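Only one structure is covered here, and it is reproduced in the block below.
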Amino acid sequence: MTNPLFQPVTLPNGVVLPNRLVKSAMAENMAGAGQLPDEKIFHLYQRFAQGGVGLMITGNVMVDDNGVSTAGDVVLMADTPLAPFEQWAKTAQQQGGKIIMQINHPGRQAMAGLGKHTYAPSAIGVNLGKYSKQFVQPQAMNEQEIQQTIQRFAETAKRAEQAGFDGVQIHAAHGYLISQFLSPLANQREDKWGGSLANRARFLLEVVDAVRAVVSPQFIVAIKLNSADFQRGGFSQQDAQQVIAALNHKAIDFVELSGGNYESPSLLGEKSQDEHTLAREAYFLEFAKDIQKTAQMPLMTTGGIRRQAVAEQVLAAGMALVGMATALALNPNLPQQWQQGNAIDGERIEIHWQDKMLRSTAIMMIVQRQLLRLATGKSAGSKLNPIWTLILSKWRQEKKKKRYQQWLATR
């Protein structure tokens, strides 16, 4: 009998994924000149494709050249050359899997010194105590900026389809711009875009409508949504259920449930601000099972999954798709090994530093360094020194920052 992980699944729009394992988004921070994908990204996705996942979700592709989270973000806009994106899609699809582009805008969650004009729902910066100055101080968006940004999401989705991608994932989680609109902590507007949950969800719903209006019915449109922000007074599980109920009326092919943001990095398995202790693996599954009672579209959950038995439990709990991230950065061949009957456990990154922010940053930088190793033909899963990784990442980021600023000045 075929393992359920490796049975095909048909999405609501009729697209068939060859299996249930998904390479969830990881920020590659690997854009080449002009904020374009290049050979490193092509090679990285070739390795993920060969590893046997049914679906690949890219890391952040930003919808605005003036709105990047880091200087290594890829940008796709109306005037962006499409050839590199066509190569990216074609490379990822060579083994029969599908690839969708995660489209995003950082809002306030952008590193300081990037962009010319940074905006967010409200003029409220990221609160990370002594680390807050590493992020921009945003200005509140005006109506024109809101409408333009909605259209930018649509334009990027349209161009992704033109480039041959199988779909897009609208990033409405992890504290980025759409997530900021949803959060009563980050969104303190008093107009139609803030206040009640219906108003705070308006931006997401209008982005979905704008995207669906310009892509074909066969083009996958997915959402990444927090099951909760894990912050007191923030976006709650009850809020997530109501947003899912609203999305039930849209042509959504699946929703990926995650959680947390830079202020409460539960996406990395950290202890959250409201003292929830998250499980070491599939740590959003309990929330997902509750949200499933409301959802009419397929659900996917991610969060530290690295063992075949846990992935099977996620499906048994009613999820349609199983998202894996760090485990695939450390071993992209894990799905293929499981399918061949070798139920090897994926690795995990453990750092036991007291400083939560520094610990979370080090884990993210190690993941990015592992991705870069894969992209440059090196072996996966090498043990990397976290202190040296932070130093190296800082140096690389400064180089990318200068290049990005020079490029933006020509726009």
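The values are calculated or read from the model by the stated rules, or taken from the named source; none is laboratory data. Small disclaimer: the values here were computed from a predicted structure and weren't measured. Reconstructed Cβ throughout: ideal geometry from the backbone, glycine too, with neighbour counts over all protein chains shown. Please note that ligands, DNA and RNA were not included when accessible areas were found on the heavy atoms of the full protein model with its side chains. Shrake-Rupley method; radii C 1.70, N 1.55, O 1.52, S 1.80 Å.
Averaging 1/r over each pair of different alpha-carbon atoms in segment 292-365 and inverting the result gives 14.0 Å, the Kirkwood hydrodynamic radius. Centroid-to-centroid, using Cα positions, segment 79-158 and segment 369-411 are 19 Å apart. For segment 24-33, 3J(HN,Hα) computed residue by residue from phi via the Karplus equation (6.51, -1.76, 1.60; θ = phi - 60°) reads 6, 5, 10, 6, 5, 6, 10, 4, x, 4 Hz, glycine and proline entered as x.
R0 = 41 Å: FRET efficiency of residue 339 with residue 286, Cβ-based, nearest 0.05? About 0.90, to the nearest 0.05.
In the chain, the DSSP beta bridges split such that about 15 percent are antiparallel, to the nearest 5.
Go ahead and collect, in residue order, the members of segment 57-77 whose backbone nitrogen is under 20 Å from a label point 7 Å along the Cα-Cβ direction of residue 162. The answer is 61-67, 74-77. For segment 34-122, what is the convex hull volume of its Cα atoms per residue in Å³? Dividing the Cα hull volume of segment 34-122 by its residues yields 106 Å³.
Here the 3J(HN,Hα) profile of segment 77-85, calculated from phi with Karplus coefficients 6.51, -1.76 and 1.60 at θ = phi - 60°, is 10, 4, 9, 6, x, 8, 3, x, 6 Hz, Gly and Pro shown as x.
Both the radius of gyration and Dmax for the chain are 19.4, 58 Å, in that order, over alpha-carbon atoms.
Phi angles of segment 129-146 translate, via the Karplus equation with coefficients 6.51, -1.76, 1.60 and θ = phi - 60°, into HN-Hα couplings of x, 5, 9, 4, 5, 6, 10, 5, 9, x, 9, 5, 5, 8, 4, 4, 5, 4 Hz per residue; Gly and Pro are given as x.
Treating segment 339-404 as a set of equal point scatterers at the Cα positions, no solvent, please give the Debye-formula log₁₀ I(q)/I(0) at q = 0.19, 0.26 Å⁻¹. Log-scaled intensity ratios, in q order: -0.83, -1.20. Taking Cβ atoms as reference points and 14 Å as the exclusive limit, the residues near residue 83 contribute a net charge of -2, counting Lys and Arg as +1 and Asp and Glu as -1. Neighbours of residue 13 by Cβ distance under 15 Å: Lys/Arg scored +1, Asp/Glu scored -1, total 0. Sorted from greatest to least, the principal axis extents spanned by the alpha carbons of segment 113-206 come out as 43, 31, 23 Å.
Under 5 Å between amide hydrogens, built in the peptide plane, is the criterion, and for residue 9 it picks out 17, 19 among residues at least 5 positions away or on other chains. Surface composition of segment 82-190: carbon and sulfur make up 44 percent of the accessible area, probe 1.4 Å. Packing order of peptides 16-25, 187-196, highest average first: 16-25, 187-196 (average count of other Cβ atoms within 10 Å over each peptide's residues). Pairwise Cα distances in segment 50-183 exceed 26 Å in 26 percent of cases. Taking a straight Cα-Cα cut-off under 23 Å and skipping sequence neighbours fewer than 8 places away in the same chain, the lysines within cross-link reach of residue 402 are 40, 116, 133, 394. Most tightly packed first, judged by the mean number of other beta-carbon atoms within 10 Å of their residues, the peptides 41-48, 323-330 read 323-330, 41-48. Each Lys or Arg adds one and each Asp or Glu subtracts one; over the other residues with Cβ under 13 Å from the Cβ of residue 40, this totals +3.
I'd like to know which of 303, 103, 364 lies farthest towards the positive end of the charge dipole of the chain, counting +1 on Cβ of Lys and Arg and -1 on Cβ of Asp and Glu. Final value for the positive-end residue is 364.
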